[in-house]
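*Asks:* I have a structure I would like to understand better, so I am pasting it below and will then ask my questions one at a time.
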Amino acid sequence: MSRSKPKVLAIASGGGHWVQLLRLRLAFEGCDVVYATAKEGYRSDVGCASFHVIVDANRSNKIGLVRSAWSIFSLLRKERPDVVVTTGAAPGFFALKLGKLMGIRTVWVDSIANAEELSLSGAKAGSCADLWLTQWAHLAREDGPQWKGNVL
Amino acid sequence: MILVTVGTDLPFDRMMKIVDRWAGDTGRRDIFAQIGEGGWRPKHIPFVEFLEPAEFKKRFAEASLVIGHAGMGTILSALLHGKPILVMPKMAIYGEHRNEHQTATAKRMMALGNVNVAFDEIELRAKLDLIDELQGREPIEVHASGGLVEGIREFIFHGWNENCR
């Protein structure tokens, strides 16, 4: 499959995760970007860029988790991105793990809200990513996330 | 118009009750609240449980100041619009949130000079009484630039160039 430019899947849960992902838009200039999140209401945030709604991952409900993973897997199979970039939370984690199985390169940007320490889930997700980033310099580790800046 | 918001997750009754009592005591009629699904219903403030993203943006843009939980969506929205903002962290020990990150977020953002914080009910009431003196800061850019954006970009294109060889 030949492409003239990289294809990026930018995926996040709603609320703060989505707001942070949108702020990273300049990183995707020159790429084909596909945005994915759990609410149709966010479509207007991305203008005419490609936008998909995925099933949100509801932690308290196992069936919900399976449906979420399946909707993300379907999206990955359809779009075949070169890179997945996510600011979390659970849907981003699924995209990371499933993407890896498909040979897709992955980026996990830990939320700026994790300011004192890495969350357990963030560490679990980040350590699977090809590029694991924290937004606070004091949280960078040699065997852990790198710090390059934040979304402000 | 003062916008009060508890975020898209759980309600924040502890904060709403203080704000509502303050509204009742002062007779202020310029407040509107988003109370969250199943949230405690204020007696002195018009409210909705939930705001669609477009409606939320509109209310935010029109607000003269924002009172809210210390969630990143709320804080970033306030910074984008240059709105004065007062936040109170939701706490896991009260079942308001999954973890205590909001307290850490609030401390760090306060240290960066980005938000005003009330860490408990007494402090909240005290700051509400002085609310009209609250200052906003210069709006931040719509998109981030700098190290984080460059780092992600480099990762995307370096790998792309490698695979094209």
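The values are calculated or read from the model by the stated rules, or taken from the named source; none is laboratory data. What you see is a predicted model; the values in this text were computed from it and never measured. Neighbour counts are summed over all protein chains in view; Cβ atoms, including those assigned to glycine, are modelled from backbone coordinates with ideal geometry.
*Asks:* List the residue pairs whose Cβ atoms are under 6 Å apart, where the first residue sits in segment A:139-152 and is more than 16 Å from A:A115 (Cβ to Cβ), the second is assigned to a loop (DSSP other than H, G, I, E, B) and of a type outside the set (D, E, K, R), and the two are 6 or more positions apart or on different chains.
*Replies:* Sorted first by the residue in segment A:139-152, then by its partner, the pairs are A:Q146/A:A140.
*Asks:* Restricting attention to segment A:56-72, report how many residues are surrounded by 17 or more Cβ atoms within 10 Å (Cβ to Cβ) and at pLDDT 90 or above.
*Replies:* Within segment A:56-72, residues that are surrounded by 17 or more Cβ atoms within 10 Å (Cβ to Cβ) and at pLDDT 90 or above number 4.
*Asks:* If you go through segment A:84-121 one residue at a time, how many are crowded, with 22+ Cβ neighbours inside 10 Å and more than 15 Å from A:L133 (Cα to Cα)?
*Replies:* Qualifying residue count, segment A:84-121: 4.
*Asks:* When segment B:110-151 is examined, which residues are found to be part of a helix (DSSP H, G or I), more than 8 Å from chain A (Cβ to nearest Cβ), without any contact (Cβ under 8 Å) to a residue 60 or more places away in the chain and surrounded by 16 or more Cβ atoms within 10 Å (Cβ to Cβ)?
*Replies:* B:K127, the sole residue that qualifies.
*Asks:* While we're here: With respect to the numbered conditions (1) touching a residue at least 24 places away in the same chain (Cβ under 8 Å); (2) within 11 Å of chain B (Cβ to nearest Cβ), which one is the sole condition not fulfilled by A:K100?
*Replies:* (2)
*Asks:* Here are some conditions: (1) closer than 25 Å to A:W147 by Cβ; (2) more than 9 Å from chain A (Cβ to nearest Cβ); (3) buried (at least 19 other Cβ atoms within 10 Å of the Cβ). B:T105 meets all but one. Which one does it not meet?
*Replies:* (2)
*Asks:* In segment A:103-133, how many are closer than 19 Å to A:L21 by Cβ, of a type outside the set (A, V, I, L, M, F, W, C), assigned to a loop (DSSP other than H, G, I, E, B) and within 8 Å of chain B (Cβ to nearest Cβ)?
*Replies:* 4
*Asks:* So A:P91 clears everything in (1) over 11 Å from the mean Cα position of the chain (by Cα); (2) in a helix (DSSP H, G or I) except one condition, right? Which one?
*Replies:* Here A:P91 meets the rest and fails (1).
*Asks:* Inside segment B:1-44, can you point out the residues that are β-branched (V, I, T) and under 19 Å from the mean Cα position of the chain (by Cα)?
*Replies:* Matches in segment B:1-44: B:I2, B:V4, B:T5, B:V6, B:T8, B:I18, B:V19, B:I31, B:I35.
*Asks:* Can you find even one residue in segment A:81-90 that is in contact (Cβ under 8 Å) with a residue 40 or more places away in the chain, touching a strand residue (DSSP E or B) at 6+ places or on another chain (Cβ under 7 Å) and of a type outside the set (V, I, T)?
*Replies:* yes
*Asks:* What number of residues within segment A:31-40 satisfy the criterion of being crowded, with 19+ Cβ neighbours inside 10 Å, modelled with pLDDT of 95 or more and more than 8 Å from every other protein chain (Cβ to nearest Cβ)?
*Replies:* Total satisfying the criteria: 5.
*Asks:* Next up: Restricting to segment B:57-75, count the residues that are touching a residue at least 40 places away in the same chain (Cβ under 8 Å) and assigned to a helix (DSSP H, G or I).
*Replies:* Number satisfying all stated conditions: 6.
*Asks:* If you don't mind, there's one more thing I want to ask. Just give me the residues in segment A:15-30 being at the interface with chain B (Cβ under 7 Å from one of its Cβ atoms) and either free of Cβ contacts under 8 Å to residues at least 40 places away in the same chain or assigned to a helix (DSSP H, G or I) (or both), in sequence order.
*Replies:* Those that are at the interface with chain B (Cβ under 7 Å from one of its Cβ atoms) and either free of Cβ contacts under 8 Å to residues at least 40 places away in the same chain or assigned to a helix (DSSP H, G or I) (or both): A:G15, A:G16, A:V19, A:Q20, A:R23, A:R25, A:L26, A:A27.
*Asks:* I'd like the full set of residues that are farther than 22 Å from A:S68 by Cα and either in contact (Cβ under 8 Å) with a residue 12 or more places away in the chain or in contact with a His (Cβ under 7 Å, 6 or more places away or on another chain) (or both), limited to segment A:31-44.
*Replies:* Answer for segment A:31-44, where residues must be farther than 22 Å from A:S68 by Cα and either in contact (Cβ under 8 Å) with a residue 12 or more places away in the chain or in contact with a His (Cβ under 7 Å, 6 or more places away or on another chain) (or both): A:C31, A:D32.
*Asks:* Let me ask another. Say we look at segment A:8-30 and pick out the residues that are out of contact with any Lys or Arg (no Cβ under 7 Å at 6 or more places or on another chain) and farther than 26 Å from B:F50 by Cβ; which of these is surrounded by the fewest Cβ atoms within 10 Å (Cβ to Cβ)?
*Replies:* Once the filter is applied, the top-ranked residue is A:E29.
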